[in-house]
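Chemist: Provided herewith is a single structure, encoded as structure tokens, for subsequent inquiry.
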Amino acid sequence: MRIDGSTFMLVLMSKRASKGLKNSAETLQKEDVVQAVVIVDSFKGGFHPITYFIPAALVPVVNTPLLDYTLEWLALSSVQEVILFCSSHADLIKEHIRKSKWNELASAMVITVMVSETCRSLGDAMRDLDAKAVIRSDFILVFGDMVGNVNLLPILEHHRKLQKQDKGVVMTMVYKEAGHGYCSRSVDDKAVLTVDSSTGRVLLHNKMKVGTKRINIPLETYSDCPQVELRYDLQDTHVAVCSPAVPPLFSDNFDFQTRDDFVRGLLMNEEILGSTIYWYKLDEAQYAAHVSNWQMYQSVSHDIIYRWVYPFVPDSPFIQDVEPYVFLRHNVYKQKSVRLGKGCLLEEDIVIGENTSVGENTHISHSVVGKYCHIGKNVTIYKSYIWDNVVIGDNCHISCAVVGHDSKLGTGVRLCKGSVLSPGVVLPSDIHLDANIVVCGPLHRKQSLDHDVYKQEKLAEKAYRLLLDETEYDSEDSGQAQKLCGLWLGTSGGDSESESEEELSASNETSDRASPVPDDTYLFFSEVMDSLTRGYDDKLHPDNLILEINSSRYAYNVSVREVNYFVVKALLSLPIQARSADSAPKYLKEFNKMLQDFLPILQNYVRNSDAQHDCLQALEDMASSTDTLHDGLSKLLHLLYEKDILAEDIIMKWYNSGDENSTSTALRKQVAPFIQWLKEADEESDESDSD
Amino acid sequence: MCVNEFCVPRTLKMKKKEIEEVFGGILENEQDVSAGMAAIRTLLNVLERDTSETVQELDSNLQAAVDAMKNTDYPVTAVASGCELFLRFITLAKLDTKTFGECKSIMLHRGQLFLKKLMEARGKVAKLASSFIVDGSRVLTHSKSRVVLHGMKEAARANKRFEVYITMSSPDNSGVEMRRLLEEENIPCTVILDSAIGYVMEQVDMVMVGAEGVVESGGIINKVGSYTMAVCAREMKKPFYVLTESFKFVRLYPLNQRDLPNEFKYTSSKLGRDLSKEHPLVDYTPPSYITLLFTDLGILTPSAVSDELIKLYL
Amino acid sequence: MAKNSNKTEENRNKFINDIKQGKVWGSYDIAFNTVNLLKDVIVNGDWQTAQELMVLITAEGRKLTRSLPMQASVGNMVRRVLKIIREEYVATQQNKQEDVDAQESLHKIVTSEGDVVDDYSKLLPDLRSSIMEHIGEFEMELETSADNIAQQARQHIHSNEIIMTLGKSASVEAFLKKAATERKFEVIVAECAPFCRGHELAVSLGKSKIETTVIADSAIFAIMSRVNKVIIGTHTVMANGGLRAVCGSHIVALAAKHYSVPVIVLAPMYKLSPQYLCSYDQDAFNSFVSPEGVLKYSDGAILSKVHVYNPVFDYVPPELVTLFISNTGGHAPSYVYRLLSELYHPDDHDL
């Protein structure tokens, strides 16, 4: 099975031929072979930085690597040909496949491994596939880290039936209903799906980014379909049945990087591309989930232990060489060779692998322990995931943590609240870790991908604690480690988690890293910023700048009010960005200087009361997010008032119409003295007028 | 018969003493050997040293030896069943050889074979029984039984964690001895009063006892108190398991407690006195209270026992 | 030879996958296919003496039971075939049709002449053909077992009786339909949630013009006073006469005991297993499937706070069963040990 690139086609042919010789009675049509494409790397970096050491697909969930779940699931669905697409750690994956039962001649499923080191996203993978032209008919697209028990053949049939009715069907996405309050949906997967109830066609797909509470649904969606469903209770299983037109679509549009790009691109340009997407809802008894980050890891482990993924439960072996677990009361799964010490308590929801020995008076609950582990005496393990070959010393206290393969913990170690230990870590005794990621060796610069920078603190010879740089706007990863804790503390856990993320990301609104969202307004904004920065540096004439901004506006089809809003915002951010003014007085100085040059621009855009409202809105937004503006807000308002950009009544109206939330009240308190002065000035001018 | 009695009273008396000594010696020196096994070994010993010339003489000598053993103060039930089987065994052989010497050597050979098979019996029973003791179970047992001890040792060796409750079992308090032996194997155990059986029964998962004899109906004869335990277990719906070797099958069919022969219930020294003032040593548990019997012939239901005995004796 | 073993492995894997994917379903089909698989091993396997063959078959059986611990009929068929091999060996060797009783018995211990451990290693030329013949007869017996049971229907069901049953058992269905051709009676079917297969049985019986009523499981006790007989099927018959039957059977049996209603269990011989129930937590006794039938996944908040179990099987102790009807006739539960000794050799009890 060690095939890559060019030799692939040849080997595939011969395999087909040899199978043909064996089954001469069966005429195997090429089109009838059910194909599945498994993208082994999900490119989401959810398990970062553990993925430096092992690929995400070999992360063990309940003591079985995720790739095994995926392959076994495909075998259950009678898939005959699987194309595994690897990008990182390809050799480990190949080794794993070689040792597995899929490599035997008797296996009904043929696995082909394709490697591409330069692949960085789903889009790249699909383009690669398109180039190699291995897809012949409708295929099933999954990732390498999925768990499910659905028979995919009926979904494939459904897709084919749809194709007969609607020639443009390219993809059928599979979703599962997940109730509210149960954290089975990944935080970065939440989306509102707008579908046509009668045909199942997907009309809109709005990703609910963290903190967004509103979506916009254009009226055209309702005009074509009599019945429209809006669903927010769906768990995206990341399984899709695609037609052979999908890889070419990726090749044609180079900005399709992730599946979300693809979906959005297709939905926006339906008339141009002529392709439609449908959705398929899984039955109650069917389960499918994508383990992309630690939150999903926890959720899926829970589901497996609670047997939602029957028949892929630990006590029914699907890897034939492994002794099955014994299923005892309270969801305790134990291998027969486990040695338990005296007084040891296995409370509930536990999986313990083979040949593990647990010391005396140890208390384990809600955890998964791998094989060949050695757990000492008086250890407490709670809601943790301990992988294989781990040695845990006496008197340790592990809660809400993940301990990678081959790790050694000394005595008295405390791991709390979402700590993650990579494989091979050796922790000395009496260390207390709180929500930290620890790796076993110093991370080399070239290993870390360009957008992640970690500060490494050496704890011991083989233990380096990773801390995120403060200036880095990438807050998502620290959020990942924190997400391990308290997810099951009831429904409040879900809300508090989103709130904490709001605080984390609120300060970093300007930089959106999750997946590059080619939001038009955002692009427009950045272009305006660029123009202004350039204009300021090169001392361009404001009229030329206005021209530039207007042309950008038409290119991105931005509405007038949005133009006003963004231009003001850009102007306000200019001193921060271009001149790095980080304190209020410095900012005001810079702003003043800049305003002298750019006043015509402001006057051009902020002409009527609506525009002034937009201007104030921009001010408010910027002020609530940037501290420097926050402090200098009253002075700014004063400045703009002096320059006759803003009128008093508009300012008063804005002041009185503030929202109830804390930020706006704080703001208004800030500007209260100015408003006071304004009122008095008003009265004075009125008096003077009346005089 | 009369001839024997008159002819060799002295030698017989001596032999009787010797037999008692041998029998008693085995039982005292080897704690691990049960009364039945000791009896069989004694008989084998007698067979080896016997100097009779005819089959009938041999037979009567052996019978006398059995009587001698029954007269000692050790429990009689196992002795009776084991000896009967032994005698049947050796006499069932084809004895149509020319000389008596050859006959005797054949019998000796078969005797040793029989003994060997029976020594393995306990291991087989223990293996069967240990699979029924699951991790985390609580077992109630009565008095000291070597087979049950062996079974629990097997289970402990298989890394199962279980707890044992043992009755004190007066008048000889053999339960305490059982506790000592179990604690050597690191098995947590508690000794309870005989009267506390009803109290403890709700907490235990199963009852496991040995047996001194298994009767034709499928019931057992065991240390007094077993019947009470069985009744209590049935009421609380706990399984009642009996661990025994197959040579303890007895040709008896008691219908109630009084049907048991007195020689089983009281030691020989007490038999002469007024029995209404004596306490019986054993009682009879009817088959309806027994869930399963673990023997070296396999796991049997009580109804299968009678089948076995029929096969043997018909 | 290696090719043969590969083919065997392929067949075995395909068989296991078919069962796991649900393509082969139902004890009879599984048993039948197991016998076919074993026939393949006998025909194509590499063996000379009976002992080698038994080693092959035991190894095959072990792999099958490891992968399919719930399917007792697979193990039963393997044991049956082993017993057939032993019988044929002894018969061929001694050249007469002897009724070989291999059960360990006291008599055996007492009368054995030295170490007569027959290790079946003598080379016998006709062994293969005689084994295949015997297996052919056995297959015929398997095929006709359902019919044989149904033939006994008219002896057990009388006119104007009310019969209660549970879930959907193929044996019970055939039994009732056969009786309906001669007698007129009523059937009450408990639906057996959450799989609710009782509904299917009711529809099928209704089509055969049998008056059927479907009741919920909670109504079993209430209706039991009016019932004359309870007839249920089972998945496996344990060695002590107890049953491993569909979840809900224990309830029916207890209710029947309370009202002194006879409980008749229809069980063809291939369902007889030499295993005992050691404890209710015994591995591979009960299978817990997805809790979907009990609590929906979309119920959300409750899922993380509550343990949900959905067992497939139930244990019914032998005291609650009145009669077993198998293809060889009716038997009392206490007689099961005897049937076991006729079907299987004690050495094969633990594969």
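The values are calculated or read from the model by the stated rules, or taken from the named source; none is laboratory data. Quick caveat: nothing in here was measured; it's all calculated off a predicted structure. Every residue, glycine as well, gets a Cβ built from its backbone with ideal geometry; the counts of neighbours run over all protein chains shown. The area values use the complete protein model at the heavy-atom level, side chains included, leaving out ligands, DNA and RNA. Shrake-Rupley method; radii C 1.70, N 1.55, O 1.52, S 1.80 Å.
Chemist: Gap in Å between the Cα centre of the stretch C:169-185 and the Cα centre of the stretch A:134-156?
Modeler: 45 Å
Chemist: Listed here are the pairs A:Lys209/A:Lys371; A:Lys99/C:Lys122; A:Lys336/A:Lys408; A:Lys371/A:Lys462; A:Lys207/A:Lys462; B:Lys265/C:Lys257; which of them are more than 31 Å apart at the Cα?
Modeler: Over 31 Å apart, Cα to Cα: A:Lys209/A:Lys371; A:Lys99/C:Lys122; A:Lys207/A:Lys462; B:Lys265/C:Lys257.
Chemist: Connecting C-alpha atoms closer than 10 Å in a GNM of chain B, tell me which of B:Asp172, B:Asp32, B:Asp283 has the biggest fluctuation.
Modeler: B:Asp172
Chemist: What does the charge add up to near A:Asp236, with Lys and Arg as +1, Asp and Glu as -1, over the other residues with Cβ less than 15 Å from its Cβ?
Modeler: So the environment of A:Asp236 carries a net charge of +3.
Chemist: Working out 0.36 nm times the residue gap between A:Glu680 and A:Ser137, then minus their Cα-Cα distance, what length gain in nm do you get to one decimal?
Modeler: 187.9 nm
Chemist: Can I ask one more? Counting Lys and Arg as +1 and Asp and Glu as -1, each charge on the Cβ, what is the dipole of the protein assembly as shown about the Cα centre in debye, to the nearest 20?
Modeler: Result for the protein assembly as shown is approximately 5540 debye, rounded to the nearest 20.
Chemist: How many percent of the alpha carbon pairs in chain C exceed a separation of 30 Å?
Modeler: 43 percent
Chemist: Could you estimate the translational diffusion coefficient of the stretch A:111-193 from the Stokes-Einstein equation, with Rh from the Kirkwood formula over C-alpha pairs, at 37 °C and 0.692 mPa s, in whole µm²/s?
Modeler: 207 µm²/s
Chemist: What percent does the relative contact order of chain C come to when contacts are Cα pairs within less than 8 Å and at least six residues apart?
Modeler: Relative contact order of chain C: 17 percent.
Chemist: Which of the lysines could a cross-linker bridge to A:Lys213, judged by Cα under 20 Å and excluding same-chain residues fewer than eight apart?
Modeler: By straight Cα distance, A:Lys213 reaches A:Lys190.
Chemist: Quote the accessible area belonging to A:His89 in square angstrom, nearest 10, computed with a 1.4 Å probe and with ligands, DNA and RNA left uncounted.
Modeler: For A:His89, solvent-accessible area is about 50 Å².
Chemist: Would you kindly work out the equivalent ellipsoid of the protein assembly as shown from its C-alpha gyration tensor and give its semi-axes, the square roots of five times the eigenvalues, largest first in whole Å?
Modeler: For the protein assembly as shown, the semi-axes come out at 79, 36, 30 Å.
Chemist: Then there is this: I'd like the GluC sites (Glu not before Pro) in the stretch A:330-386 restricted to DSSP loop residues with at most 15 other Cβ atoms within 10 Å, sorted by number.
Modeler: A:Glu347, A:Glu348, A:Glu360
Chemist: A further question on this structure: Relative contact order, percent, of the stretch B:124-313 when contacts are C-alpha pairs under 8 Å separated by at least 6 residues?
Modeler: This gives 22 percent for the stretch B:124-313.
Chemist: Could you order B:Ser306, A:Ser116 by accessible surface area, starting with the largest, using a probe radius of 1.4 Å?
Modeler: Largest to smallest exposure gives the sequence B:Ser306, A:Ser116.
Chemist: Could you compute the longest span of chain B free of trypsin sites (Lys or Arg not before Pro) located in DSSP loops and having at most 12 other Cβ atoms within 10 Å, not counting the site residues?
Modeler: B:99-236
Chemist: Tally Lys and Arg at +1 and Asp and Glu at -1 over the other residues with C-beta under 11 Å from the C-beta of B:Ser170: what net charge comes out?
Modeler: That works out to -1.
Chemist: Shifting gears a bit: Please return the longest stretch of chain B lacking exposed loop sites, where GluC sites (Glu not before Pro) count only if DSSP places them in a loop and at most 11 other Cβ atoms lie within 10 Å.
Modeler: In short, B:54-201.
Chemist: Here is a further query. Between the alpha-carbon centers of the stretch A:334-404 and the stretch C:327-349, tell me the distance in whole angstrom.
Modeler: 44 Å
Chemist: Using the beta-carbon distance between A:Tyr232 and B:Glu235 and R0 = 60 Å, what value does 1/(1 + (r/R0)^6) give for FRET efficiency, to the nearest 0.05?
Modeler: FRET efficiency, A:Tyr232 to B:Glu235: 0.55.
Chemist: Between the stretch B:29-95 and the stretch C:7-49, how far is it from one alpha carbon centroid to the other, in angstrom?
Modeler: 54 Å
Chemist: Round to the nearest 10 and report in Å² the accessible area of C:Leu272, as given by a 1.4 Å probe over the protein chains' heavy atoms.
Modeler: Spelled out: C:Leu272, probe radius 1.4 Å, area about 10 Å².
Chemist: Give me the net charge for the shell around A:Lys176: Cβ to Cβ below 15 angstrom, other residues only, Lys and Arg +1, Asp and Glu -1.
Modeler: -4
Chemist: Which GluC sites (Glu not before Pro) in the stretch A:28-111 sit in a loop by DSSP (not H, G, I, E or B) and have at most 13 other Cβ atoms within 10 Å of their own Cβ?
Modeler: Of the GluC sites (Glu not before Pro), the ones in loops of the stretch A:28-111 whose Cβ has at most 13 other Cβ atoms within 10 Å are A:Glu104.
Chemist: Please report, largest first and rounded to whole Å, the three semi-axes of the ellipsoid equivalent to the stretch A:287-417, where each semi-axis is the square root of five times an eigenvalue of the C-alpha gyration tensor.
Modeler: Here the semi-axes work out to 23, 17, 13 Å.
Chemist: What is the distance, in nm, between label points placed 7 Å from the Cα along the Cα-to-Cβ direction at B:Ile192 and at A:Glu220?
Modeler: Once both label points are built, they end up 8.1 nm from each other.
Chemist: Let me ask another. Which links in C:Lys20/C:Lys229; A:Lys334/B:Lys153; A:Lys377/B:Lys237 stretch past 30 Å when you go from one Cα to the other?
Modeler: C:Lys20/C:Lys229; A:Lys377/B:Lys237
Chemist: Using alpha-carbon pairs under 8 Å, 6+ residues apart, how would you state the relative contact order of the stretch C:157-348 in percent?
Modeler: For the stretch C:157-348, the relative contact order is 21 percent.
Chemist: While we're on this one: Quick check: with the 1.4 Å probe, what order do C:Tyr276, A:Tyr297 take by accessible area, largest first?
Modeler: C:Tyr276, A:Tyr297
Chemist: Through the Karplus equation 6.51 cos²θ - 1.76 cosθ + 1.60, θ set to phi - 60°, convert the phi angles of the stretch B:82-88 into ³J(HN,Hα) values in whole Hz; use x for Gly and Pro.
Modeler: Result, ordered by residue: x, 5, 4, 4, 4, 4, 4 Hz.
Chemist: Right, here's the next one. Run through the stretch A:165-271 and list the trypsin sites (Lys or Arg not before Pro) located in a DSSP loop whose Cβ has at most 11 other Cβ atoms within 10 Å.
Modeler: Hits after loop and neighbour filter: A:Lys167, A:Lys213, A:Arg214.
Chemist: Follow-up question, since we're still on this one. Would you mind giving the average projected area, over all directions, of the Cα convex hull of the stretch C:157-348 in nm² with one decimal?
Modeler: The orientation-averaged projected area of the Cα hull of the stretch C:157-348 comes to 12.3 nm².
Chemist: So, one more: Kindly report, to the nearest 10 Å², the accessible surface of B:Tyr74 as traced by a 1.4 Å probe over protein heavy atoms only.
Modeler: 70 Å²
Chemist: Here's a follow-up. P(r) of chain B in 10 Å steps, Cα pairs, percent per bin?
Modeler: 6, 26, 33, 22, 10, 3, 0
Chemist: Okay, next question. Note down the magnitude of the dipole of chain C about its Cα centre, charges +1 on Lys and Arg C-beta and -1 on Asp and Glu C-beta and zero elsewhere, to the nearest 20 debye.
Modeler: Taking the Cα centre of chain C as origin, the dipole is about 1240 debye.
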